[in-house]
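FYI, it's all coordinate maths here, none of it is from the lab. A quick note: this is a predicted structure, and the numbers were derived from the prediction, not measured. Reconstructed Cβ throughout: ideal geometry from the backbone, glycine too, with neighbour counts over all protein chains shown.
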Amino acid sequence: MEHDTWQTVDRLVAWLDGAGRTPSESERLLRLMKLTEEVGEVAEAVIGATGQNPRKGASHTWDDVQRELCDVVVAALVALRSLTPAAREVFEGHLARVAERCPAD
C-alpha cells in the first residue's frame, strides 16, 4: 500500500488534535517535548544494543534503534506540522539548504 508521507502526517495531526485534552497551544508544546522523549528512547536502545548497562545486558537490537529513530522522525514531522500548515515546504526548503552544503560526487 503506497502512501504519501505528508498526507499521513496530516492524518496523525488531525487525530491528535481531535484527541487533545489541553488547549491547542499546550498541545503544540507537548508535541515538541515528545521529541525529547523519543530521542531518549533512541539512547536507551543504543545502550541496550551495545550492552552498556551491566544490569540489563543486551536488551535491544539495532533493529530497535532503527524503529526508535523512525519514531523521532515521525514526532518531528508531527511537531513541525503542528506549528505550520506549510510543514512540507518548510522541511523541503530546509533539506535543500542542508544538501547544498554536501560536497558533490
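Here are some notes:
- Residue list for the stretch 26-45, restricted to those being of a type in the set (A, V, I, L, M) and within 16 Å of Val73 (Cβ to Cβ): Leu32, Leu35, Val39, Val42, Ala43, Ala45
- Hits in the stretch 7-23 (condition: under 16 Å from the mean Cα position of the chain (by Cα), exposed (fewer than 13 other Cβ atoms within 10 Å of the Cβ) and either not charged (D, E, K, R) or not in a helix (DSSP H, G or I) (or both)): Gln7
- Selection over the stretch 50-104 of residues that are of a type in the set (Ser, Thr, Tyr) and under 15 Å from the mean Cα position of the chain (by Cα) gives a count of 1.
- When the stretch 18-45 is limited to residues that are of a type in the set (D, E, K, R) and touching a residue at least 40 places away in the same chain (Cβ under 8 Å), the one that is farthest from Arg81 (Cα to Cα) turns out to be Lys34.
- Residues that are surrounded by 16 or more Cβ atoms within 10 Å (Cβ to Cβ) and not β-branched (Val, Ile, Thr) within the stretch 70-105 comprise Asp71, Ala75, Ala76, Leu77, Ala79, Leu80, Arg81, Ser82, Ala87, Arg88, Phe91, listed in sequence order.
- Residue within the stretch 46-60 that is exposed (fewer than 12 other Cβ atoms within 10 Å of the Cβ), assigned to a helix (DSSP H, G or I), among the aliphatic types (A, V, I, L, M) and free of Cβ contacts under 8 Å to residues at least 60 places away in the same chain present: no
- Residues located in the stretch 50-105, provided they are aromatic (Phe, Trp, Tyr) and under 16 Å from Gly40 (Cα atoms): Trp62
- Taking the numbered list (1) farther than 21 Å from Thr5 by Cβ; (2) of a type outside the set (Asp, Glu); (3) surrounded by 16 or more Cβ atoms within 10 Å (Cβ to Cβ) in turn, Ser26 passes all entries but (3).
- Of the residues screened, Ala76 is one that is within 24 Å of Glu92 (Cβ to Cβ) and either outside any loop (DSSP other than H, G, I, E, B) or aliphatic (A, V, I, L, M) (or both).
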